[in-house]
Amino acid sequence: MPSVKKLQYLHLHLIVFIWGFTAVLGALITLDAIPLVAYRMSLAAVFLLIFALVTKKRLRFPRRTQAKFAIAGGLIALHWLAFFGAVKASNVSVTLAVMSTGAFFAAFLEPLFLRRKLIIYEVIFGLLAMCGLALIFNVDSSYTTGILLALASSFLGACFTIYNAQLVKEHQAGAIGLYEMSYGAVFILIYLGFSGGITADLFVISLRDWGYLLLLASVCTAYAFVASVHVMRWLSAYTVMLTVNLEPVYGILLGLWILGDAEYMQTEFYLGAGLILLTVIGNGILKLSRARKTKIETTG
């Protein structure tokens, strides 16, 4: 692997590590999920605006494109609301383990939105992943709300990924991120306004939480969003897919290290999480193997 690719491969691991750390930050920040996401998206939009101005990115787009950005912003906002809601309702380990099902939601959503045939082995892997989920559900009934929220977040994340993949092909990552964060923040603020959530308490935040929020918005959101698109120019889809699957591993290990006893789970949980992770990796290997075989047959 050439030196540039090695550097980008290490860069990818750093990005995945950062994504795993996001859930830990969500647990450390004392704000509820809605104000947390509102601050995350608002601050990320500011950081991305600064980046766009410094790098002189194009920021003007027609209304139709703006509408697409708004839809994507709404999806990512809902995804994060459910994600941080899951962290608050359960813990980092449960949330990240269940979030690993996102690849299987994508497997069933892609045929629906991209009009491709349903692949049998994806259905089988999906059923195995559900077995892993069943094991996690049996661990502790107090985690049920968190598991359901994580499943909702996983589904919304898959919808966002499929939808956003088309936008990334047409527009620069920095500009996309700026508008998606901005629209998402506006949607949440509108909701807070109508629900009576904009009170003095919304702006009472400890210095510790401010520090975590700035880290979450700058490094874990603005930087990670732009950097993740950048590395895909250097690395194969196979490498990216398998490396991203390490996110729950990094996150769970970080949770055990930073949050301590609150993250220790029964053996049954780790069996379920391991089964889900193995099916996701197996699905990735088979999918990319089929893609390579198709490419060889086409060129041959």
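Nothing in this text is a laboratory measurement; each read-out follows from the coordinates by a stated rule. Since the model is a prediction, treat every value here as computed from it, not as a measurement. Don't worry about glycine lacking a Cβ; one is built from the backbone with ideal geometry, like all the others, and counts go over all protein chains shown.
The distance from the alpha carbon centre of region 72-131 to that of region 148-188 is 14 Å, rounded to a whole number.
Dividing the convex hull volume of the alpha-carbon atoms in region 41-84 by its residue count gives 70 Å³ per residue. For region 129-171, the spread of Cα coordinates along the three principal axes comes to 45, 18, 8 Å, biggest extent given first.
Using unit Cβ charges (K, R positive; D, E negative) and no other charged atoms, how large, in debye to the nearest 20, is the dipole of the chain about its Cα centre?
Dipole about the Cα centre, nearest 20: 1660 debye.
Calculated from the alpha-carbon coordinates, region 37-119 shows an Rg and a Dmax of 16.8, 45 Å respectively.
Starting from the exponent 0.38 and prefactor 2.2 Å, build the expected Rg for the chain from its residue count and divide its actual Cα Rg by it.
1.00
In summary, the helical segments of the chain meeting the span-like criteria, namely a full DSSP H run, a Cα extent along the axis of 30 angstrom or more and a mean Kyte-Doolittle hydropathy of at least -1.0, are 3-28, 33-54, 63-89, 144-170, 173-195, 267-299. Comparing 124, 213, 230 along the charge dipole axis of the chain, the residue lying farthest to the positive side is 230, per the Cβ-charge model. Cα-based values for region 73-182, radius of gyration first and Dmax second, are 15.2, 45 Å. Dividing the helix sum by the residues of the chain, where each DSSP H run of 4 or more adds -39500 (n - 2.57), gives a mean residue ellipticity at 222 nm of -27000 deg cm²/dmol. Sorted on the mean count of surrounding Cβ atoms within 10 Å across their residues, most packed first, peptides 49-61, 268-280, 91-103, 9-21 read 91-103, 268-280, 9-21, 49-61. The value given for region 160-246 is a Kirkwood hydrodynamic radius of 15.5 Å, derived from the mean inverse Cα-Cα separation.
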